[in-house]
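Working notes, beginning with the structure itself.
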Amino acid sequence: LLMKNINKEFFYFKKIKDSCDDEIESIAKNLKLTKPEVDILIFLINNKENRGCDICDFRGFSKSYVSKAVNKLLKRGYITIKQDEKDKRYQHIIINAKAKKTIKIINNNQKEIINRMFKGISEEELNNFKLVINKISQNLERKWKHV
């Protein structure tokens, strides 16, 4: 019974993701960037983690997707790569001042998208949503660790 009642919600998650991807594509087009470049910048803006492997892990992007976008952002002068001082295998991606205007536009667009997406949703409803998503995620992590 639970599966029958939840299938529509899984479909909605896909619609939400597709809608967000469309929004990011539109932002990228307006900024004359590629979607992968904007995806990387959005990640760097919103996370303290700043290594390519972090982007792959957290966002589920392939290494080639991240690598190609990072190379394009390097050529534009939007980012710099700095080798990790403790572990030479890792490189940190740093946003440069040249990207400041672009970052501001991305931030403003992101705020608009989030405000539209969560319009009419109370803080309590949002907190409950986060709680449920976190529980589902924990259940999946436990399953993955046992495989």
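Computed from the coordinates by the stated procedures, all read-outs in this text should not be read as laboratory data. Source: prediction; values computed, not measured. Virtual Cβ from ideal backbone geometry, glycine too; neighbours counted across all protein chains shown.
Give me the one-decimal Kirkwood hydrodynamic radius in Å for region 19-147, with the sum taken over alpha-carbon pairs.
16.5 Å
Let me know the whole percent of all Cα-Cα pairs from region 1-83 that are separated by more than 17 Å.
Cα-Cα pairs of region 1-83 separated by over 17 Å account for 54 percent.
Rounded to the nearest 0.05, what FRET efficiency do E112 and R89 give with R0 = 30 Å and r taken as the Cβ-Cβ distance? Could you check?
0.20
Dipole of region 53-147, Cα-centred, from +1 at each Lys and Arg C-beta and -1 at each Asp and Glu C-beta, to the nearest 20 debye?
That gives a dipole near 560 debye.
Once you have the Cα-Cα distance between K98 and I121, take 0.36 nm times their residue separation minus that, and quote the gain in nm to one decimal.
Values: separation 23, 0.36 × 23 = 8.28 nm, distance 3.65 nm.
Extending this stretch completely gives an extra 4.6 nm.
Given only helices, namely DSSP H runs of n ≥ 4 each adding -39500 (n - 2.57), what is the per-residue ellipticity at 222 nm of the chain, to the nearest 500 deg cm²/dmol?
Theoretical 222 nm ellipticity from helices: -24500 deg cm²/dmol.
Span-like helices, the chain: DSSP H, alpha-carbon axial extent 15 Å or more, mean Kyte-Doolittle 0.5 or greater, which ones?
35-46
So which lysines can K75 reach, going by Cα to Cα under 25 Å and dropping same-chain residues fewer than 8 places off?
K29, K32, K35, K48, K63, K88, K98, K100, K101, K104
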